[in-house]
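Here's the structure we're looking at; comments come further down.
Rule-based calculations on the coordinates, nothing more; no lab input. None of the values given here were measured: they were computed from a predicted structure. Cβ placement follows ideal geometry from the backbone for every residue including glycine, while neighbour counts extend to all protein chains displayed.
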Amino acid sequence: MTVRDLAEGVGEAVFKRVGRAAARAQEDTPLPVDVLESDDEYLAVFDAPGANASDVQVNYADGAVEVRVDRFRAFREGFDMRFPGRGLQLDGRAELPNDALVEPEDARAELRDGALYVYLPKTAGTQVEVTEPDDE
């Protein structure tokens, strides 16, 4: 074994470790999100570049929009995958204000221009009157 072979082997091992760490860091980083509000609805906008509609799952739970993107990219002929650096499983969560009243069953989502738009219509809600107990 030559010094050159040894250096290439060490370089390859370092390259693989750095690549795996970068891929894990990307998967552990939540999707960036903005939450907007109009008179009629809330809008959560998640970054989702390269995602297809079939890659995306959207749920509403515990006052938040939860998104999961499971991206799969086909291998390219003539190339070997060194490490998956574009993220394969990406998650995001958008908390709505504590006083938000929404109709999750009427929610809709659109994927366009590398972003996922999740619209949650507001509900009129029911105002409950608070009274003092009668003094007897």
TODO: Determine, from the Cβ-Cβ distance of Asp62 and Glu110 and an R0 of 22 Å, the FRET efficiency 1/(1 + (r/R0)^6), rounded to the nearest 0.05.
DONE: 0.40
Open item on the list: Using the basic label-point model (7 angstrom from Cα toward the beta carbon), what is the Asp70 to Thr123 distance in nanometres?
Closed with: 3.0 nm
